[in-house]
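The next block holds one structure in the form of structure tokens; read it before the comments.
Rule-based calculations on the coordinates, nothing more; no lab input. Note that the structure is a prediction, hence the values are computed from the model and not measured. Note that each Cβ is placed from the backbone with ideal geometry, even for glycine, and that neighbours are counted across all protein chains shown.
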Amino acid sequence: MNEAQAPLSGPVVPAEVREFAAEKGVSRYLGAAIALARQAFPSAALSVSLGQDAEDETHRYIALDAEAGCRTAEELLAGQRVWSGGIGRVCPSRQAVYFVLGWR
């Protein structure tokens, strides 16, 4: 990752995401999860939306998607490691299932 680039401002959090977070009891972790995604990919554009599991249609989650652009595999893996190592610190594991980091 190129640390010399300035971090981008926070993403817009749609009302449906805020409502879902409240419904699932994870509102208090939303900001920390977004901050962690920003830490994992500090110079990437970040979007927040609702996602749905492809295999289990009943499981929905908050998708935090970082723009992968021209990042190398090593940069993507490094960002994923930051996310994987940090999500348990910012959110209890029972609620962490409602936050998914992705690339676009």
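Of all DSSP beta bridges confined to the chain, the antiparallel ones make up roughly 60%. Phi angles across the range 42-49 convert, under the Karplus curve 6.51 cos²θ - 1.76 cosθ + 1.60 with θ = phi - 60°, into 3J(HN,Hα) values of x, 9, 8, 5, 10, 10, 10, 8 Hz, Gly and Pro given as x. For the range 59-67, 3J(HN,Hα) computed residue by residue from phi via the Karplus equation (6.51, -1.76, 1.60; θ = phi - 60°) reads 8, 10, 8, 8, 8, 10, 9, 9, 5 Hz, glycine and proline entered as x. If you compute Rg/Rh (Cα atoms, Kirkwood Rh) for the structure shown, which of (1) 1.13; (2) 1.30; (3) 0.96 do you land on? Matching the structure shown: (3). Spin-label model, residue 23 to residue 74: label points 7 Å out along the Cα-to-beta-carbon direction sit 4.3 nm apart. Only helical runs count toward this figure. For the chain, summing -39,500 (n - 2.57) over DSSP H runs of n ≥ 4 and dividing by all residues gives -13500 deg cm²/dmol at 222 nm.
Amide H contacts of residue 50 (H built 1.01 Å from N, in plane; Pro and chain starts excluded): 63 sit under 5 Å, all sequence-distant by 5 or more or on other chains. Maximal additional length on extending the residue 45-residue 15 stretch stands at 8.9 nm, based on 0.36 nm per residue less the C-alpha distance. For the range 13-21, backbone phi angles converted through the Karplus equation (6.51, -1.76, 1.60; θ = phi - 60°) give residue-by-residue couplings of 9, x, 4, 5, 6, 4, 5, 4, 4 Hz, Gly and Pro being listed as x.
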